[in-house]
Structures are given as structure tokens and as C-alpha cells.
Amino acid sequence: MDTSSKENTQLFCKSSERPLGRPSLTTECSSSKEKQQCCGELKVFLGALSFVYFAKALAEGYLKSTITQIERRFDIPSSLVGVIDGSFEIGNLLVIMFVSYFGAKLHRPKIIGTGCLIMGVGTLLIAMPQFLMQRYRYEKYSPLSNSTLRISPCLLESDNQLPISVIEKSQSKRSDECEIDASSSMWVYVFLGNLLRGIGETPIQPLGIAYLDDFASEDNSAFYIGCVQTVAIIGPIFGFLLGSLCAKLYVDVGFVNLDHITITPKDPQWVGAWWLGYLIAGLVSLLAAVPFWCLPKSLPRSRSREDSNSSSEKSKFIMHDQTDYKTPLGEKSKIMEMARDFLPSLKNLLGNPLYLLYLCASTVQFNSLFGMVTYKPKYIEQQYGQSASKANFVIGLINIPAVALGIFSGGIVMKKFRISLYGAAKLYLGSSVLGYLLFLSLFALGCENSDVAGLTISYQGTKPVSYHERALFSDCNSRCKCSETKWEPVCGDNGITYASACLAGCQTSTRSGKTIMFYNCTCVGIAASKSGNFSGMMGRCQKDNGCPKMFLYFLVISVITSYTLSLGGIPGYILLLRCIKPQLKSFALGIYTLAIRVLGIPAPMYFGILIDTSCLKWGFKRCGSRGSCRLYDSNALRRIYLGLTVMLGTVSIFLSIAVLFTLKKNCVSKHRSFRTKREGTMVSTTIRKENYTTSDHLLQPNYWPGKETQL
């Protein structure tokens with residue numbers, strides 16, 4: 001029995017006796033081992049790539065959550081914050097074309113690992129100003145509770161109440177502070193750190209996605225990419241939640257006595273511990289670099305890839321290079337050959353009309369989304385009167401998961417229903433159209449301006465104030481020597497907010513813990529059209545004219561819109577990967593990312609510049625220069641923020657329609673080409689049989705959509 005078993009084994013393992021075209025048992029055994037090893041290493045790479053996507057998305061989400069905190073901490077306008085936010089794209093711009101092209105021929109996992117190290121160092125650099133700057137100082141009225149000298153808020157800046165020595169000392173101190181303030185531009189560290197973070201992030205998307213698509217089977221490719229993108233969306237969830245937690249902590253926590261801080265997180269001058277999250281995100285990025293140094297340069301291809309006529313980046317550039325170039329001279333000739341192929345590859349890539357149109361559509365849409373996401377926390381704060389902590393919390397816990405679910409759903413739909421390439425283009429277009437139609441409804445879900453005396457209503461509280469009539473001074477505070485540059489909001493009994501206690505005409509004040517009350521406020525009495533002892537409390541009045549209900553509706557529509565727009569993410573990726581040659585896959589993804597980064601750089605800037613035009617009250621630095629905005633016109637802010645997003649989205653929809661028509665034209669051209677070239681029923685049957693699914697051979701980049709549209 002044992003002898004016959006051995007004989008049978010020998011019979012099946014003899015290659016000379018096996019049927020022609022059939023693999024031997026030994027070959028099948030070795031193929032099975034290679035397949036298991038390949039799948040194991042590919043899954044390790046998938047896990048490592050997912051984690052690094054999480055790390056970079058964590059830092060990116062946290063950066064978006066700290067936009068308002070950075071603006072207040074460094075006392076800069078929204079336009080300059082947009083420049084800081086755009087420095088990430090500038091970092092990508094500097095190296096992405098070369099990394100995506102040359103990196104495709106080199107050791108891709110190690111290049112990704114190097115990028116993670118650079119990204120981690122850049123993230124840590126962003127937090128550096130906290131350890132170099134002086135402690136945060138805010139404008140706040142503080143009665144001298146431990147002194148017998150009682151100062152009226154109305155006459156706070158009167159010369160006859162303070163001794164000359166006190167005034168001279170105060171002016172001298174302000175001059176010193178001005179010199180210190182003028183010599184420090186610590187926001188440059190944030191700019192450079194974000195720039196370095198952008199450089200480190202460069203190889204992750206083009207090399208990582210192409211590596212997955214090269215060595216995964218075609219059926220699993222879309223699913224794997226969907227998994228990576230889904231994990232990437234989970235990163236901002238933790239980023240915004242971390243931002244919400246840090247926003248509740250005072251900026252100088254651990255450096256000052258918090259009992260002496262008189263403001264709360266609801267105060268518009270509050271700055272949270274923005275720097276703390278960057279330390280955490282930086283360490284996570286450094287940890288994400290470790291697995292990539294243990295992964296191989298290439299993996300065995302799956303059987304479905306080998307059976308196709310297409311050739312991947314690995315087979316053309318990596319595997320052959322391992323045997324052909326082993327000497328320094330060979331390496332030199334290899335680099336020269338790659339350099340000579342650079343311009344022809346770029347020309348061929350940009351000569352594909354389908355790729356070019358999709359590139360334009362995606363770029364415009366990402367401009368819309370970049371600007372919207374960057375200033376969404378600010379919009380929630382200013383439009384609905386929410387704190388920075390709550391704004392970050394609802395974005396991270398409600399809005400971002402909807403995006404993750406949409407991306408994951410797109411990958412599942414592509415895999416389960418085997419959506420054709422033409423169907424993927426229609427799904428991409430349909431999600432954009434429906435998403436921006438839903439976004440239009442947000443115009444009706446805004447809140448009216450807060451009642452601020454001299455800015456949004458008159459001091460009498462009877463009529464709105466037109467632009468040229470806005471003035472912070474009135475008869476009720478004319479005898480007070482108040483400063484119009486200060487923003488120390490006081491909420492009066494009449495529900496009207498005043499820029500300061502002095503401008504409210506308050507005569508006396510008391511302090512109990514962190515609560516400061518003002519009494520005998522003449523302007524509060526005028527607005528109420530009554531006589532008596534009217535009081536006010538430090539802080540802005542909360543919006544209560546149906547605004548909490550509007551905020552709830554805003555969250556619901558925002559979640560549905562985010563899910564709908566993200567549903568077309570994976571179909572768009574598949575469309576991008578299947579319309580080009582596989583050896584240009586990394587290069588095409590690099591150019592795609594480059595275009596988004598380059599043309600996406602101005603988005604936060606012009607969003608910020610236009611948002612600044614809706615400012616009603618600017619803050620001022622100690623030297624007298626303009627700082628950050630304290631109060632926005634809610635109606636103007638809503639029109640600018642939502643209108644600009646919808647306008648860019650509409651342009652991207654028209655470009656997506658052009659993509660669909662170009663794809664349909666290429667399909668018709670392919671049909672005619674086959675019928676003309678091969679006059680027979682077999683060709684027509686073959687063409688009718690295929691449905692342009694992601695697993696069909698016609699979707700292979702070297703086969704579809706024909707030589708006339710190949711790169």
C-alpha cells in the first residue's frame with residue numbers, strides 16, 4: 001500500500017509524463033506555498049498601510065480641529081491660517097512627482113517608511129511654539145478684588161482714577177510687550193512643521209495604493225482600497241475627538257495656576273491645549289514607520305494577474321531590475337533610463353482625455369471639500385454659537401463616521417455587484433449630484449446674528465444697524481473713556497451683548513470665583529426702555545432664537561450629505577486605476593495627488609480671505625496691529641461659506657458629466673474597432689458578452705479602452 005502510494009506520487013510528479021499545459025504536483029505545491037506567503041505578506045502590508053493612513057489622517061483631522069485655536073493663540077486672521085493649512089500641500093508639491101515616478105522602481109515599502117519618519121518629525125515640530133512662547137494673555141476685565149482701590153468699568157481708562165506712576169508703568173510694560181510680540185512670529189514653526197509633514201506624506205498614497213493594486217487579485221483590489229480608505233477616515237474621527245478633548249484644557253495647562261484663569265471654554269478668547277494633540281499624533285506617525293522596513297520589495301503576483309496580458313510595475317521595473325542591474329554602473333544606467341522615460345511617460349499620461357477630465361473634476365471637487373472641512377469648526381462656532389470643543393466633538397463623532405461608511409459602502413458595492421467601469425463613472429457622478437443638492441438645503445438652516453450693540457443692532461435695540469452706521473459709541477457711554485479696540489463681551493439683562501463693560505456704561509462690578517457681574521449699566525437700561533439698576537454678566541449672550549433646533553437639523557443634513565458624497569470615492573479610484581497602463585499606475589496616482597495638492601493649496605486661502613470679509617469686530621494686538629476676528633456676520637458668513645462650496649461642486653459635476661460622455665464614446669469606438677478589424681460573429685459575441693465589470697479582461701489597463709486611448 002505504501003509502495004503503490006509512492007509510485008502514484010512519482011507518476012504524478014514526473015514532468016515528462018504529465019499532460020501538456022498542466023502543472024505538476026510539485027509545481028502546484030510550490031505555487032500554493034508562494035500564494036500563502038504572498039497573501040500573508042500582502043495582508044501585513046495592508047495592515048501597515050491602513051495604520052499609516054490612520055496616522056496621517058489623525059494628524060490632519062487634529063489640524064482641522066485646531067484651526068480656530070491656532071488663530072486665537074497667534075492672533076492671526078483666517079487668511080493667514082489658510083496659508084498655514086495650505087503648507088501641507090506645498091510640501092507635497094515639492095517632491096511628489098519625483099517620489100511617485102522614481103519610487104515606483106525602487107523599494108516602495110522602505111520609501112513609505114522613510115516618509116512616515118519625516119511626517120512624525122514634522123508633526124512634533126508643530127507643537128514646538130508652546131515651549132518657546134510666553135504664556136497666553138487674553139483681553140479680560142478683572143476687578144482688583146485683593147485691593148481697596150475700586151475702579152468703575154465705565155471709567156476704567158480715565159486718567160483721573162489712576163496715579164500717574166501706575167499709568168507710566170502700564171505704558172512701559174505695554175511697550176516691552178509690544179517689542180516682544182513684534183520679534184516673535186512663532187506661527188512659522190507651525191507652517192514649517194506642516195510643510196515637513198506634507199513632504200513625509202508624499203509616498204504613502206501613490207506607492208502604497210499601487211503596491212496593493214499590483215499584487216492583489218482584481219476582485220480584491222477595490223475591496224482592499226476601500227478598507228484602506230475607510231481606516232483613513234477613522235483617523236479624523238479620533239483627530240477631532242482628540243481636538244475636542246484638548247480644547248477643554250487651557251492652553252498653558254501644566255505651566256500656570258488654573259485658579260487664576262477667569263475665562264471658560266465658552267468664551268470667544270479661550271484657547272485650548274492645541275499643542276498637546278500634535279505630540280500624540282507625532283509619536284503615532286513614528287510608530288507607523290516600523291513595519292515597512294520589514295516588508296519585501298515585491299511579492300509574487302496573483303494567478304489572475306499572471307493570466308492577463310497586462311504587465312505590472314513589478315514585472316516591468318522591479319523584478320527584472322533585480323537581475324539586470326547589480327553593479328554600480330548598472331545602477332547608474334538604470335537611473336538614467338528612468339530619467340529618459342520621465343517626460344514621455346508624463347506626455348502619455350496627460351494625453352489620455354479620460355484621465356485628464358477625471359483629474360480636473362476631482363481637483364475642483366477637492367477644492368470645494370478642502371475649504372469646507374478647513375473652516376467647518378469655525379462655521380459651527382460662529383453660526384450656531386457652539387464652543388470649539390463641541391464643534392470638534394460633533395464633527396468627529398457624527399460627521400466623519402458618515403464619510404467612512406460612505407467610502408466603505410462604495411467598495412462593497414463595487415465588489416458585490418461587480419459594477420462595470422461605465423457604472424462606476426455613473427455612480428461617481430450620481431453621488432456628487434445628490435450630495436450637492438442636499439448641501440443646498442443648508443442655506444435655510446442658519447441662525448440670525450447675535451444682538452451686539454453697535455454692530456448688529458443699535459444701542460436702543462429697535463432697528464438693525466446698516467454698515468456705514470455701525471459704531472460702538474452712543475450717548476449712554478459718551479462720558480466713559482472706552483477703547484473701541486477691546487473685545488470683552490458683556491451680556492446684559494436685556495439679552496443684548498456689549499463689546500465691553502465700559503461700552504455698556506456699567507458703573508460697578510463684583511467678582512465671585514470666575515463669574516464677574518456688572519451693575520448700574522446705563523446702556524442696558526436704554527435698550528430696555530426702562531429705568532432701574534440694570535446689570536450684566538461677563539461673556540456673550542447665547543443664541544436662543546431657535547438656533548439649537550437649527551443646529552440639530554444642520555447635523556442631520558450634514559451627515560447625509562457627507563455619506564452621499566463619499567459614496568463615489570472608490571468608484572472614482574477604480575476609474576482612475578483602470579484607464580491607464582499598470583506600469584504608470586504609481587506615476588498616475590502621483591500626478592493625481594500632485595494636481596489636487598497644487599490646485600488645492602489656494603482653497604483654504606481664498607476661503608479664509610472671503611470669510612474675513614464677513615468680520616464685524618476685529619481684535620488688535622498689543623502693538624496696535626489687527627489680530628484675529630472676534631465677531632462675524634452670520635448671514636454673510638453663511639452665504640460665503642456655503643455658496644463657495646456649492647459653486648465649486650457644480651463645476652466638478654459638469655466635468656464629471658464630460659468624463660461619462662468620454663467613457664461612453666471610447667466604449668462605442670472600441671466596439672466599432674473590433675467589428676472592423678475582425679469580421680466574424682465570434683468578435684461580436686465576445687463584445688456583447690463582456691459587461692465591463694472590474695474583473696473582466698476588458699477592464700485591464702492594457703486592453704481597455706483600446707490602443708487609440710492607451711498611454
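I'd like the Karplus ³J(HN,Hα) series for region 584-589: coefficients 6.51, -1.76, 1.60, θ = phi - 60°, whole numbers in Hz, and an x wherever there's a Gly or Pro.
9, 5, 5, 5, 5, 5
Taking amide H positions as placed in the peptide plane 1.01 Å from N, state which residues far from Ile457 in sequence (5 or more) or on other chains have amide H under 5 Å from it.
Close amide H contacts, sequence-distant or interchain: Val452, Val465.
Rounded, prolate or oblate, given the Cα gyration tensor of region 406-458, with a/c below 1.5 counting as rounded?
Note, shape of region 406-458 comes out prolate.
Under 5 Å between amide H atoms, partner at least 5 residues away or on a different chain: which partners does Phe620 have, H built in plane at 1.01 Å?
Close amide H contacts, sequence-distant or interchain: Gly627.
Pairs to check: Lys376/Lys664; Lys266/Lys621; Lys110/Lys585; Lys390/Lys617; Lys43/Lys426. Give those whose C-alpha atoms are more than 26 Å from each other in this structure.
In this structure, Lys376/Lys664; Lys43/Lys426 exceed 26 Å between Cα atoms.
Show the residues, 5+ positions off or on another chain, whose built amide H is closer than 5 Å to the amide H of Tyr136.
Hits under the 5 Å cutoff: none.
List the pair-distance distribution P(r) of region 365-423, using every Cα-Cα distance, as the percent of pairs falling in each 10 Å bin from 0 up to the bin containing the longest distance, rounded to whole percents.
20, 35, 26, 14, 5
Taking the Cα centre of region 573-663 as origin, work out the dipole magnitude from +1 charges on Lys and Arg Cβ and -1 charges on Asp and Glu Cβ, in debye rounded to 20.
Value, rounded to 20: 300 debye.
Cα atoms only, region 189-283: Rg and Dmax in Å?
When restricted to Cα atoms, region 189-283 yields Rg and Dmax of 19.4, 62 Å.
Just so you know, all these numbers are worked out from the coordinates, no wet-lab data involved. Everything numeric here is computed off the predicted structure, so don't read it as measured data. FYI the Cβ positions are ideal-geometry reconstructions off the backbone, even for glycines, and counts take in every protein chain you see.
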